[in-house]
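This report concerns only the one structure given below.
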């Protein structure tokens, strides 16, 4: 199976139809480990000012985004890296909703959600990505894989989701599954993108 971990940083669901992608990262998962040699990460120029809001990650400023490529320029490369592969992410339906809206030519084979896996394993625990990485003692490994990045930036969160996948499926299933078993355990549909909520959580929302 071909798996690619993903994370998007956006302007916020309160922008509704005008929500912009500000940063995107992709990391192939090979033999159940993130392949950082083929990782891709880029800022994205939203072509409009972005107000400072508590859920927008540090470093994603108008100044840093102004010289970045536009989403139209980025879309063909995203398609090359994603089409026909399964996207893995933490609450990946939210990422897919925005990606599908802004890059309609991108066609993954399906979605694999580590948040769904985590809730299946322990429904009462905290399910935020950073909390799960701490619980499973993966945080230092993420820092080694994505030096210079930080939590709530696209590359750090993507590497974290890739590592978390292996840990969660092993705990849930006791082995590294075939594609059909993985889809049954963590797959979510691509034809019903997650509906945005009226308000946007902060960076430290426990479900993020």
Residues of region 87-107 being in contact with a helix residue (DSSP H, G or I) (Cβ under 6 Å, 6 or more places away or on another chain), closer than 19 Å to residue 187 by Cβ and either buried (at least 24 other Cβ atoms within 10 Å of the Cβ) or free of Cβ contacts under 8 Å to residues at least 60 places away in the same chain (or both), which ones?
-> 88, 89, 90, 106
Restrict the check to region 40-51 and report whether at least one residue is in contact (Cβ under 8 Å) with a residue 40 or more places away in the chain and either exposed (fewer than 12 other Cβ atoms within 10 Å of the Cβ) or not in a helix (DSSP H, G or I) (or both).
-> yes
For residue 74, indicate whether it is within 16 Å of the chain's Cα centre (by Cα), modelled with pLDDT of 95 or more and either assigned to a strand (DSSP E or B) or surrounded by 15 or more Cβ atoms within 10 Å (Cβ to Cβ) (or both).
-> no
Considering residues that are more than 25 Å from residue 127 (Cα to Cα) and in contact with a helix residue (DSSP H, G or I) (Cβ under 9 Å, 6 or more places away or on another chain), the number found within region 75-86 is 4
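Hey, can you tell me all the residues within region 108-125 that are outside any helix (DSSP H, G or I) and surrounded by 14 or more Cβ atoms within 10 Å (Cβ to Cβ)? Let's see the steps before the verdict.
Step one: of region 108-125, the residues outside any helix (DSSP H, G or I) are 108-113, 122-125.
Hits for region 108-125 are 108, 109, 110, 111, 112, 113.
In region 130-208, which helices (runs of 4 or more DSSP H) lie fully inside it and hold 2 or more residues that are at pLDDT 95 or above and within 17 Å of residue 113 (Cβ to Cβ)?
Working: elements: 139-145, 154-173, 179-186.
Result: 154-173, 179-186.
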Do any residues in region 19-38 that are free of Cβ contacts under 8 Å to residues at least 24 places away in the same chain have Cβ atoms under 8 Å from those of residues that are buried (at least 22 other Cβ atoms within 10 Å of the Cβ), where the two are at least six apart or on different chains, and which pairs are they?
-> 35/27; 35/29; 38/27
Only one of (1) surrounded by fewer than 20 Cβ atoms within 10 Å (Cβ to Cβ); (2) in contact with a helix residue (DSSP H, G or I) (Cβ under 7 Å, 6 or more places away or on another chain); (3) more than 29 Å from residue 141 (Cβ to Cβ) fails for residue 17. Which number is that?
-> (2)
When (1) in contact with a strand residue (DSSP E or B) (Cβ under 6 Å, 6 or more places away or on another chain); (2) surrounded by fewer than 19 Cβ atoms within 10 Å (Cβ to Cβ); (3) not in a loop (DSSP other than H, G, I, E, B) are applied to residue 65, the one that fails is (2)
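Can you go through 139, 170, 120, 130 and tell me which one is touching a helix residue (DSSP H, G or I) at 6+ places or on another chain (Cβ under 9 Å) and free of Cβ contacts under 8 Å to residues at least 24 places away in the same chain?
On the way: 170 fails: touching a helix residue (DSSP H, G or I) at 6+ places or on another chain (Cβ under 9 Å); 120 fails: free of Cβ contacts under 8 Å to residues at least 24 places away in the same chain; 130 fails: free of Cβ contacts under 8 Å to residues at least 24 places away in the same chain.
Answer to the check: 139.
The values are calculated or read from the model by the stated rules, or taken from the named source; none is laboratory data. Model, not experiment: these values are computed from the prediction. Don't worry about glycine lacking a Cβ; one is built from the backbone with ideal geometry, like all the others, and counts go over all protein chains shown.
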